[in-house]
Each structure stands twice: as C-alpha cells, then as structure tokens.
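The values are calculated or read from the model by the stated rules, or taken from the named source; none is laboratory data. As the structure is a computational prediction, the values presented were derived from the model and not from experiment. With ideal geometry, Cβ positions are generated from the backbone for all residues, glycine too; neighbour counts draw on all protein chains shown. Surface accessibility is based on the protein's heavy atoms, side chains included, excluding ligands, DNA and RNA. Shrake-Rupley method; radii C 1.70, N 1.55, O 1.52, S 1.80 Å.
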Amino acid sequence: MTKTSIQLKLNGMQRRVDVEPNDVLIDVLRDKLGVKSPKVGCDRGDCGTCTVFLNGRTVRSCLVLAIEADGCEIVTLEGISKDGPTKLQKSFVDHSSFQCGFCAPGMVLAATELLQNNPHPQREEIQEAIAGNLCRCTGYSPIIEAIEDACKK
Amino acid sequence: MPIATDFEYHKPKDLPEAVSLLARYQGRAQLLAGGTDLIVWLKEGMKAPQALIDVKGVPELWHLDVKDDSLAIGARVTFTELIESDLVKSRFPVLWEASRTVASCGVRNRATLAGNLCSAVPSLDGAPALLVHEACVRTRGPVEEREIPMSEWFTGPKRTALLPDELVTAVELPLPKKKTAGCYVKLGRYRGEDLAQVGLAVLAEEGNVWKLAFCAVGPIAQRAEKIEALLNGKRLSEALIAKAKALVAQSISPITDIRASSEYRLHMAQVMLERGLKTAAARLAGKGPAYGASIL
C-alpha cells in the first residue's frame, strides 16, 4: 500500500511521519514517533491504557488510524508533564495510587480531561470519568481519592 | 494488533464527493466516522473493505439543531457532543441519559449516534431512545434522499435498511408536542465500556400514553407494542404494572451469551420495566430522580 506523509503536532512539536492507511495510531506513536507512555492493553478500546488527547479530547489511540490524525494535535502523558509532574500527578504519588503502573498514563489523562471540564467533580463523576480505564491492581479507591484530593488543593 | 487488510483511505470534503466515492466502490468501501466499532472489526478481520471513506471532513454532517419541529443530529455528531448539548438535555433527556451509558468517555468522544445505528448490534444503547421518540434516519444515495423511520431501520443483527451506495446524513427526532418524561435503564456487568445485557427506554406522555423500547433482548432493538397497548389510556397502578410485567416474556426474545443467560435477562427486563415505568411517571409529575441517576 502506498505510504502517506502525515503531519501532526505531538506534545507541542510539529512532527512528520510516513504511514500506511491501515497503520493504527497507537503503533505509530510508540514505534515510529518514540512516545512510550500510551500502552497497548486490550487493543480494542475496552481498557483505556492507550488513551491520548486528540484535538483536546481523550480518545482510544488503538481505535484511531494514524492517517486520521493528519493535521491534528496529540498530547500524551509526556506532553502534560513536560515541566514536571502536574498537581494531579503529585496527588497520585501522595496516595500511592498505582502499583504496576500500566494503567497510569491513561488514568492520568482521563482524570486530566475530567478536571479540565469540571474542576470540582462529585465522586460519581470521577467514577464515570475513569470507568473506561481498567486498573487490575488497586481496586480504584486510591485513584479516586487522589483525584478528589487534587481538586481540593 | 495490526490491521491485516490493505485499504485505500479517502477523506471527502463535502457530501457529493462522499456519495460519488461510495458509488465508485459499489459496496466495497466502508464508511468511517468514529471508528470505535469499525477499527475493532478491521483488526479482527470481520470486515475487509477495499477503501475507507472518512466522513469526518464532510461539513453537511456536523449540524445539531432544531429545524421544522425536529431535532436534527448530523451523522458526524459524537455522543459527547450530544451529552454536552443543552438542547438535547432539555428536549430529549431520554436520549441524553442513554448517551451517557454508551461505553466510556474516551469512546464517546469519538463514537457517533449515526455510527451506532449503522453498526446495528442488538445491544446498541442509541436505539431505544430513538424508537420511543419515533425518530427517522435521513440517508443520501446517488439519486435520492430517503427518510427511514426507526421502526423500519433495523432488518437484523448488524443489518439495516441502508443501501450499499447510501450514507446516513442525520437522525431526526420530532419535538414532543405534549409534555413528556422518561428514562433509559441499562443493565451491564459493570459501569464503563460494557455492552448492555438489557436496555429499556420508557417515554411517558401526558394523558397516559406510553412508549417502550428494548435493546439487547432480541435480534434487533424494538418497541414493546403489546405492553404499550395494555398501558395506554390507563393510570399507572401496582396492578397494572404487574400485568405489564407478565407481558414482557411475549415482547422480547433474549438469548444466552457470554454476558448473561436468557433467564436472567428476562427476569431483569421485568424488574427494569417496573422501575422504568415508575421513574418515568415520577419524572412526568416533576418528581423522581434527576436524569442520569442510576435506578438499578
């Protein structure tokens, strides 16, 4: 298949990369553009580990073709913590919210989107916002508490 | 998992270009909007199109507005956009409530209502609210525009009345003429990213008029007309609800699959009918839980 050159703004930098129409965004981000925070978990949109911001909204990068992202802005965990951990990330650390850490990048981005739209969410709203991000270690309580705590500071 | 199929990718700039691309591929192209179903199907080899036609660049599909006494939802409108629309929340709160149960935030940011209808899986959360509001699907093909009532849209699991050279341009919901209230009740194994085991939309209209539609308990989502006929014109009472519950088994045909047994689905459909009717009646009377609150 013919390669197409696409351009995107990735974590603030203009990047250009050759892709085939059937290349999936998560694979291009990890393997061609060297951004390793989004993870391949279920690879079918169920687990949320591949979450990235696409034009300001979180999406499942395993369900987006790279070619669809031509001309778009993508922000990953590397992008939001360029100047050090955010208040939210520090709160995750304070609450020991992660064990294996595999869900962490997606979880942090899901919570970041929530707080952008809704700076003081109710507990139910936090649960809804991270409902599509699976964590198999913590039982979610320390994650929810970290997000609640970050809103108070 | 890489996608094994090779395909061409097209991103038409307007509706005529999209329609002519569809015609050119004669059924061998696949339309792409949010892609939250399609990309999974491509990965699993369930679809192997020659081309994808990405309709996200077609401005004729972006609208979300009221015209001619209907709410028109362009095919490009995502579930997140529906949830964030004051118009949808105030005029069609059952659709708003149903939209909030679709998968997860990250999926809703991408998935479209029209795409949900075109995927036409039996568990689709988008359908029951559209069925009770007697919505229609507007399509465009090479020669004509069609308006297909929701009641005629689904022709089988993953099958619709859409022809291979047509695309959906919008979903239109007539504005209710009378005061209405309702609910969408969804049973899943957990919150977030699970398909419905049973889904039920209830719409109560002033004057004891009821509209009910189930999903995930039959090959297609459809209205429960026998139960509606029993309820219409009568005041809701415990005795009437008991009679309505007894009709559920004749109104749905649930199967046993990985998510639930048919017996469990039937039992829960009865429980959900009772709570759905009571919630809709309470909301119509200005009481009841706020839209979005779980009643299961």
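Determine whether B:ILE39 is part of a loop (DSSP other than H, G, I, E, B), of a type in the set (A, V, I, L, M, F, W, C) and within 10 Å of chain A (Cβ to nearest Cβ).
Spelling it out, it is not the case that B:ILE39 is part of a loop (DSSP other than H, G, I, E, B), of a type in the set (A, V, I, L, M, F, W, C) and within 10 Å of chain A (Cβ to nearest Cβ).
Which condition does B:GLY276 not pass, out of (1) part of a helix (DSSP H, G or I); (2) small (Gly, Ala, Ser); (3) closer than 22 Å to B:LYS158 by Cβ, if it passes all the others?
B:GLY276 satisfies all of (1) part of a helix (DSSP H, G or I); (2) small (Gly, Ala, Ser); (3) closer than 22 Å to B:LYS158 by Cβ except (3).
For the stretch A:67-86, which residues satisfy the criterion of being open to solvent by less than 50 Å² (accessible area, probe 1.4 Å) and facing another protein chain (nearest Cβ under 10 Å)?
A:ILE67, A:GLU68
Can you name every residue in the stretch A:87-108 that is surrounded by fewer than 17 Cβ atoms within 10 Å (Cβ to Cβ) and either within 20 Å of A:THR49 (Cβ to Cβ) or at pLDDT below 95 (or both)?
Selection gives A:VAL93, A:SER96, A:GLN99, A:CYS100, A:GLY101.
Sort out which residues of the stretch B:23-37 are under 13 Å from B:ALA48 (Cα atoms), touching a residue at least 40 places away in the same chain (Cβ under 8 Å) and buried (at least 16 other Cβ atoms within 10 Å of the Cβ), and write them in order of number.
Once the filter is applied, which keeps residues that are under 13 Å from B:ALA48 (Cα atoms), touching a residue at least 40 places away in the same chain (Cβ under 8 Å) and buried (at least 16 other Cβ atoms within 10 Å of the Cβ), the stretch B:23-37 yields only B:LEU31.
If the requirement is being within 12 Å of chain A (Cβ to nearest Cβ) and over 28 Å from B:LEU200 (Cβ atoms), which of these qualifies: B:ALA103, B:ALA48?
B:ALA48
Only one of A:THR58, A:THR138 is part of a strand (DSSP E or B) and either farther than 30 Å from B:VAL58 by Cβ or touching a strand residue (DSSP E or B) at 6+ places or on another chain (Cβ under 9 Å) (or both); which?
Only one candidate qualifies: A:THR58.
Mind checking which pairs have a first residue in the stretch B:1-20 that is within 13 Å of chain A (Cβ to nearest Cβ) and a second that is among the small types (Gly, Ala, Ser) and open to solvent by 60 Å² or more (accessible area, probe 1.4 Å), Cβ under 7 Å, 6 or more apart or different chains?
Pairs found: B:THR5/B:ALA48.
Between A:GLN127, A:GLN116, which is open to solvent by 40 Å² or more (accessible area, probe 1.4 Å) and either in a loop (DSSP other than H, G, I, E, B) or more than 14 Å from A:PHE53 (Cα to Cα) (or both)?
None of the other options fit; the residue is A:GLN127.
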